[in-house]
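See below for the structure under consideration.
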Amino acid sequence: MDKPGTALLGVANGANPLEVKVPAFTTMKIGQSNPVVQQSNRLTVTLMSATALYAGDTVTITPLTGAVATDGDGLVLSQVGTNTGHTMFKDGTGTQSRGTWDNTNKKLTLTVHTDLVAGTEYAFA
């Protein structure tokens, strides 16, 4: 049998019959601006997926132990340098450049707003 050997949906050889790629992040970085207690601290996140992610997919970052924010939708995501990764996500109400924070479980949930391209680095703070 001859296989096409071409990419499909951002997956190398994805057009080959029974080629399966488990969605995974190849880059997962997080950093902070301030380690001092009781001070404002900006977290910066950088992600790159091995596969495309599509509008409506969700990304969860957990546990963010020690983080404190107001529960619910509306956690503002901001730009990092020239990277516009913050615009690629939305919260549970559909508001772009926002996430949903669960303070009990120290969890940030992001819904993909605009399709993410495999192998592209997306950053936000």
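Among the residues making up the stretch 49-72, those that are among the small types (Gly, Ala, Ser) and over 23 Å from Gly31 (Cβ atoms) are Ala52, Ala55, Gly56, Gly72. Within the stretch 77-100, the residues that satisfy the criterion of being in contact with a Ser or Thr (Cβ under 7 Å, 6 or more places away or on another chain) and within 22 Å of Ser40 (Cβ to Cβ) are Leu77, Val80, His86, Phe89, Asp91, Ser97, Gly99, Thr100. Among the residues of the stretch 4-26, not one is in contact with an Asp or Glu (Cβ under 6 Å, 6 or more places away or on another chain) and touching a residue at least 24 places away in the same chain (Cβ under 8 Å).
Pairing each residue of the stretch 112-125 that is closer than 15 Å to Asp57 by Cα with any residue that is in a loop (DSSP other than H, G, I, E, B) and not small (Gly, Ala, Ser), provided the two are 6+ apart or on different chains, yields C-beta distances under 6 Å for Val112/Asp57; Asp115/Tyr54; Ala118/Thr51. Thr70 falls short on exactly one of the conditions (1) in a strand (DSSP E or B); (2) loosely packed, with under 11 Cβ neighbours inside 10 Å, and that condition is (1). Candidates are the residues of the stretch 73-107 that are among the hydroxyl-bearing types (Ser, Thr, Tyr) and within 21 Å of Met28 (Cβ to Cβ); the one that is most open to solvent (accessible area, probe 1.4 Å) is Thr82. Once the stretch 39-66 is narrowed to residues that are of a type in the set (S, T, N, Q) and part of a strand (DSSP E or B), the residue that is most open to solvent (accessible area, probe 1.4 Å) is Thr58. The residues in the stretch 57-91 that are among the charged types (D, E, K, R), out of contact with any Asp or Glu (no Cβ under 6 Å at 6 or more places or on another chain) and free of Cβ contacts under 8 Å to residues at least 40 places away in the same chain can be counted, and the count is 2.
Listed conditions (1) surrounded by fewer than 14 Cβ atoms within 10 Å (Cβ to Cβ); (2) at negative phi; (3) not basic (Lys, Arg) are all met by Leu110, apart from (1).
Scanning the stretch 18-38 for residues that are at pLDDT 90 or above and open to solvent by 60 Å² or more (accessible area, probe 1.4 Å) yields a count of 9.
The set of residues in the stretch 79-95 being over 11 Å from Ala125 (Cα atoms) and assigned to a loop (DSSP other than H, G, I, E, B) consists of Thr82, Asp91, Gly92, Thr93, Gly94, Thr95.
The values are calculated or read from the model by the stated rules, or taken from the named source; none is laboratory data. This structure is a prediction, so every number in the text was calculated from the model and none was measured. With ideal geometry, Cβ positions are generated from the backbone for all residues, glycine too; neighbour counts draw on all protein chains shown. Quick note on the areas: whole protein, heavy atoms, side chains included, nothing else; ligands and nucleic acids left out. Shrake-Rupley method; radii C 1.70, N 1.55, O 1.52, S 1.80 Å.
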